[in-house]
Structure formats: C-alpha cells, structure tokens
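Notes follow the structure.
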Amino acid sequence: MKDQLNRKIQINRIPRRIISLVPSQTELLVDLGLESSIVGVTKFCVHPKHLRMSKAVVGGTKQINIEKIKALQPDIILCNKEENTEEIIKSLEDIAPIHVSDIYNLEDCFELINMYAAIFDVEDNALDLISNIQIEREAFKLQFQNKDKLKVAYFIWKNPWMVAASDNFIDIMIKEAGFLNAFEHEKRYPEIDLNYKALAEADLVFLSSEPFPFKEEHVLELQSQFPEKTIKIVDGEMFSWYGSRLLKSYSYFKRL
C-alpha cells in the first residue's frame with residue numbers, strides 16, 4: 001500500500017490503534033466510524049469537541065511528544081505533508097507505519113477517503129460520505145452556477161500580511177464557493193503589503209478565522225484603509241479542512 005506521497009507502507013492487519021496528527025483527518029476518522037480506534041490526537045483536533053477529553057493529546061501539528069506517542073503503541077500514525085514537518089515524520093518512522101496525505105484538490109480528498117476506507121475496512125461508510133459530499137456540491141453548483149463571480153482576497157495571517165494564492169486547497173475552495181481568487185497568479189501563501197495591486201482589484205476581503213485568529217478589530221483596521229470594500233471574517237475550517245468537513249462547506253458557502 002502507498003500513501004499520497006507515493007511512499008510504500010507496510011500494513012499487515014487492520015490498524016486498531018490510530019494516532020492522528022491532523023485535525024481535519026481526525027474529524028474524518030470519526031465520521032467514518034473509527035472514533036473507538038483513535039488513541040492519540042493533537043491539541044488542535046477540536047472536532048468533535050469531546051474528543052480531546054477522551055483521547056491522549058500528543059502535542060500539536062508542528063511539535064509532538066515522542067515518548068507519549070511511543071507509550072500509546074499505535075498501529076498507524078496519520079500525517080499530512082503541509083501540516084506536519086518532515087522532521088516529525090522521520091522521528092516517528094520507527095514507532096509505527098506513517099501514512100502521509102497530500103491534498104491540493106477535491107480529487108485528492110476523495111482519494112484520501114478511499115485510502116482510509118481500504119486501510120481501516122470502512123468502505124461502505126466512505127462510499128456514503130463521498131456520495132453525500134457530491135450531492136451537496138452538485139446542489140450548490142446548480143443554484144449558483146450562473147451567478148456573477150466576485151474577486152476575493154483571502155487573508156490567512158497578519159504581521160506579516162499573508163494571503164492564500166494558487167497551488168493550495170484554499171484556492172480550490174474559494175473557487176468551489178463561487179468566487180475568483182484575486183491572487184491566483186501568485187503561488188502558495190505570499191506575504192504582501194496593503195498597497196499590493198491585486199488587493200486593490202479585489203471586490204471582497206475575507207479574513208480567515210484560522211490559522212490567524214482574525215477578529216472584528218482587524219475588520220475595522222482594514223475597513224479604514226479600504227472603505228469601499230466588503231470585509232468579512234469567514235470560517236477558515238470551511239475553506240481549508242478537507243475530508244468530512246466538506247459536507248458542511250457548501251451550505252456555508254450558500255450563506256456567504
């Protein structure tokens with residue numbers, strides 16, 4: 001079996017003790033019916049809310065407690081290329097098989113769900129999940145396909161100001177939500193100043209609730225600089241969490 005980095009993984013039986021170091025993947029495991037098999041999560045695994053009360057917290061996505069992970073005796077550890085560092089992944093290789101996801105678009109999301117279906121023997125749940133996501137997506141597209149598309153600047157950080165450009169999952173979800181990305185000609189997550197041309201051309205400014213916790217004070221700060229623009233705090237999970245969170249994204253996009 002291989003992961004999404006095309007790394008070969010040796011798994012001889014269905015893993016019964018799972019550690020997830022990625023919040024969106026933790027939520028996906030639960031929605032695939034695997035909550036009882038999860039033994040370790042990160043402090044950022046906030047969905048479902050009760051999970052961190054019943055599972056061991058082994059650190060964050062960038063810093064982990066190796067000894068705690070060893071003590072949990074996992075059968076598999078689930079990581080992500082962007083969320084977790086290469087050093088973390090290498091440090092865990094002697095503990096258990098490591099599955100690394102690499103998500104850039106919806107096809108990657110569905111591939112990951114199907115990979116988990118095969119690894120954890122939950123094919124029926126995975127098929128239902130993918131089908132329901134596709135139903136939500138098609139209903140949204142049908143309702144909004146003829147709407148004029150506004151250009152959005154999507155901020156993810158302050159000090160320095162950073163936006164989501166192309167070549168990442170947020171960019172895909174901006175387009176899924178029916179908008180154009182004002183920074184689509186840039187790559188990844190560029191640092192910008194507020195005089196940037198693409199920002200001036202944006203119809204809307206979205207301030208993501210994560211990873212930087214934008215608040216109303218930041219809306220007011222930018223509104224004073226761009227009084228003619230609509231500036232709004234948006235739920236970053238709906239734009240950046242892949243997996244089962246997609247079930248909720250399209251109804252959220254409707255409200256936007």
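Looking at segment 4-13, can you tell me whether even one residue there is closer than 21 Å to R245 by Cα and surrounded by 14 or more Cβ atoms within 10 Å (Cβ to Cβ)?
yes
Out of the residues in segment 178-229 meeting the condition of being at pLDDT below 95 and hydroxyl-bearing (S, T, Y), tell me which one is surrounded by the most Cβ atoms within 10 Å (Cβ to Cβ).
By that ranking, first place goes to Y196.
How many residues are closer than 28 Å to E136 by Cα, outside any helix (DSSP H, G or I) and among the acidic types (D, E) when one looks only at segment 209-256?
Residues flagged as closer than 28 Å to E136 by Cα, outside any helix (DSSP H, G or I) and among the acidic types (D, E) within segment 209-256 amount to 2.
Failed condition for S131, given (1) in a helix (DSSP H, G or I); (2) under 15 Å from E186 (Cβ atoms), with all others met?
Failing condition for S131: (2).
Right, Y252: without any contact (Cβ under 8 Å) to a residue 24 or more places away in the chain, surrounded by 14 or more Cβ atoms within 10 Å (Cβ to Cβ), touching a strand residue (DSSP E or B) at 6+ places or on another chain (Cβ under 9 Å) and not basic (K, R) or not?
Against the criterion (without any contact (Cβ under 8 Å) to a residue 24 or more places away in the chain, surrounded by 14 or more Cβ atoms within 10 Å (Cβ to Cβ), touching a strand residue (DSSP E or B) at 6+ places or on another chain (Cβ under 9 Å) and not basic (K, R)), Y252 qualifies.
If you take the residues in segment 189-208 that are among the hydroxyl-bearing types (S, T, Y) and not in a strand (DSSP E or B), which one is farthest from F155 (Cα to Cα)?
Only one residue fits best here, namely Y196.
Could you pull out every one of the strands (runs of 3 or more DSSP E) wholly within segment 12-99 that has 2 or more residues that are out of contact with any helix residue (DSSP H, G or I) (no Cβ under 9 Å at 6 or more places or on another chain) and among the hydrophobic types (A, V, I, L, M, F, W, C)?
Once the strands (runs of 3 or more DSSP E) in segment 12-99 are filtered for at least 2 residues that are out of contact with any helix residue (DSSP H, G or I) (no Cβ under 9 Å at 6 or more places or on another chain) and among the hydrophobic types (A, V, I, L, M, F, W, C), nothing remains.
The values are calculated or read from the model by the stated rules, or taken from the named source; none is laboratory data. In this text the structure is predicted, and so the values were computed from the model without any measurement. Glycine also receives a Cβ, built like all others from the backbone with ideal geometry; neighbour counts cover every protein chain displayed.
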